[in-house]
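A.B. asks: Let me give you the structure first, and then I'll get to my questions.
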Amino acid sequence: MTSNTIAILTDYGLKDPYVGMVKAVINRVNPQAVVIDITHEVPKYRVDVGAFILKTSYKYFRKGTIFLAVVDPEVGTTRKGVVIRTKNYVFVGPNNGLLTPAALDDTVEGVYEIRMDSVRLWEVSETFHGRDIFAPVAALISIKTPIESLCNPLPLNELVVIDVPPRKPEFKDGQVITKVFYIDDFGNLILDQRLEDILEVLKAGLGDDLIIKSKGREYRARITRTFAEVCEGCIAIYRNSLGLAEVGVFKGNASKALGIYEGDVIRIGKAL
């Protein structure tokens with residue numbers, strides 16, 4: 001059963017009118033819809049980051065919520081638009097892996113390919129399916145329009161599936177090799193592994209110091225529960241609210257302070 005709640009995730013940003021247009025379409029179809037923004041600041045074209053955020057966010061929403069997710073660098077190509085019905089939710093967006101980590105986590109019960117002609121409210125832009133296809137579909141579903149009237153069944157094995165964190169630690173020469181998966185707006189370094197997995201491999205625990213190495217430089221970081229357990233300007237490594245290991249500078253920007261950015265590989269070892 002679906003609700004009238006529509007949660008939106010995109011890489012559109014807020015500078016341009018795109019988010020407003022998407023919401024206007026939803027409002028036009030269903031003026032009673034409750035629209036919640038998850039984020040519109042997914043790094044441009046980073047389907048993997050969008051998929052991870054969606055997977056870690058969806059379970060906080062009421063059952064029946066419709067998720068409209070659009071990070072779509074292949075818009076206008078042969079990639080399909082899909083609706084995925086799961087045990088508790090509905091996901092609408094491109095078939096590029098963005099939806100599948102969350103949908104599979106909640107157990108997929110039905111997969112459908114959107115029929116573009118069934119939702120055409122006006123001429124469809126080849127570069128803005130979020131407004132012209134996915135938003136109308138999400139809004140129509142929110143007013144109890146049967147998914148089958150908008151879509152054709154699609155075999156489950158045609159869903160694009162991508163890998164998202166957490167990943168298993170790679171251990172070499174006494175160090176864990178990990179990668180900066182994402183940097184949040186505070187400049188915190190979100191790694192692609194769970195802190196507990198890193199600590200298990202290193203045989204380290206709360207209060208211990210670790211050495212972080214990257215680009216020929218090294219930094220000392222304290223294992224903490226939160227970034228506020230070190231002095232101002234000092235480095236902490238902790239489990240963040242998304243379930244991954246995170247490196248932060250208390251009241252500072254870790255990315256700028258350490259010169260480490262998305263995609264950089266870092267090595268973490270125990271301090272002597």
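A.B. asks: Can you sort Met1, Met116 by how many other beta carbons sit within 10 Å, fewest first? Intermediate results must be reported in sequence, preceding the final value.
C.D. replies: Working: Met1 7, Met116 14.
Placing the least packed residue first, the sequence is Met1, Met116.
A.B. asks: What order do you get for Thr226, Thr178 when you list them from fewest to most C-beta neighbours inside 10 Å? Mind showing how you got there, number by number?
C.D. replies: Values: Thr226 12, Thr178 25.
With the sparsest Cβ surroundings first, the list reads Thr226, Thr178.
A.B. asks: List the GluC sites (Glu not before Pro) in the range 216-254 that DSSP assigns to loop (not H, G, I, E or B) and whose Cβ has at most 14 other Cβ atoms within 10 Å. Which are they? Display every interim value, and only then the final one.
C.D. replies: Numbers: sites: Glu218, Glu229, Glu232, Glu246; in loops: Glu232.
Listed in order of number, the matching sites are Glu232.
A.B. asks: Please report the relative contact order for the range 112-257, taking Cα pairs under 8 Å with a sequence separation of at least 6, and give it as a percent rounded to a whole number.
C.D. replies: Over the range 112-257, the number comes to 17 percent.
A.B. asks: Right, something else. In terms of the Cα gyration tensor, with a ≥ b ≥ c the square roots of its eigenvalues, is the range 37-97 rounded because a/c is under 1.5, prolate because a/b exceeds b/c, or oblate?
C.D. replies: Since a/c reaches 1.5 but b/c is at least a/b, the shape of the range 37-97 is classed as oblate.
A.B. asks: Show me the GluC sites (Glu not before Pro) within the range 62-136 that DSSP assigns to loop and that have at most 16 other Cβ atoms within 10 Å of their Cβ.
C.D. replies: Filter output for the range 62-136: Glu74, Glu123, Glu126.
A.B. asks: Below 8 Å, C-alpha to C-alpha, sequence gap of six or more: please give me the relative contact order for the chain in percent.
C.D. replies: Rounded, it is 16 percent for the chain.
A.B. asks: Here's another thing I want to ask about it. Going down the table (Lys179/Lys256; Lys44/Lys256; Lys87/Lys179), which pairs top 22 Å between alpha carbons?
C.D. replies: Distance filter (> 22 Å) returns Lys87/Lys179.
A.B. asks: Now, a different point. Can you tell me how the range 5-158 classifies by the Cα gyration tensor, rounded, prolate or oblate, using a/c under 1.5 as the rounded cut?
C.D. replies: Cα axes put the range 5-158 in the rounded bin.
A.B. asks: Roughly how many whole Å is it from the C-alpha centroid of the range 67-138 to that of the range 150-166?
C.D. replies: 10 Å
A.B. asks: Same structure, new question: Near the amide H of Val34, under 5 Å away, which other amide H atoms are found, from residues 5 or more places off or on another chain, if H is placed in the peptide plane?
C.D. replies: Thr5, Ile6
A.B. asks: Further, regarding this structure: In whole Hz, with x marking every Gly and Pro, tabulate ³J(HN,Hα) for the range 174-180 from phi via Karplus 6.51 cos²θ - 1.76 cosθ + 1.60, θ = phi - 60°.
C.D. replies: Taking θ as phi minus 60°, the curve returns x, 10, 8, 9, 9, 9, 7 Hz for the range 174-180.
A.B. asks: With a/c under 1.5 counting as rounded, go ahead and sort the range 170-270 into rounded, prolate or oblate using the C-alpha gyration tensor (a ≥ b ≥ c being the square roots of the eigenvalues; past the cut-off, prolate if a/b is larger than b/c, else oblate).
C.D. replies: Rounded shape, in that the Cα axes give a/c under 1.5.
A.B. asks: Could you work out [θ]222 nm for the chain from helices alone, using -39500 (n - 2.57) per DSSP H run of at least four and dividing by all its residues? Round to the nearest 500 deg cm²/dmol.
C.D. replies: Helix contribution divided over all residues of the chain: -5000 deg cm²/dmol.
No value in this document is a laboratory result; all are computed from the given coordinates. Small disclaimer: the values here were computed from a predicted structure and weren't measured. No Cβ is skipped: glycine too gets one built from the backbone with ideal geometry, and neighbour counts run over all protein chains shown.
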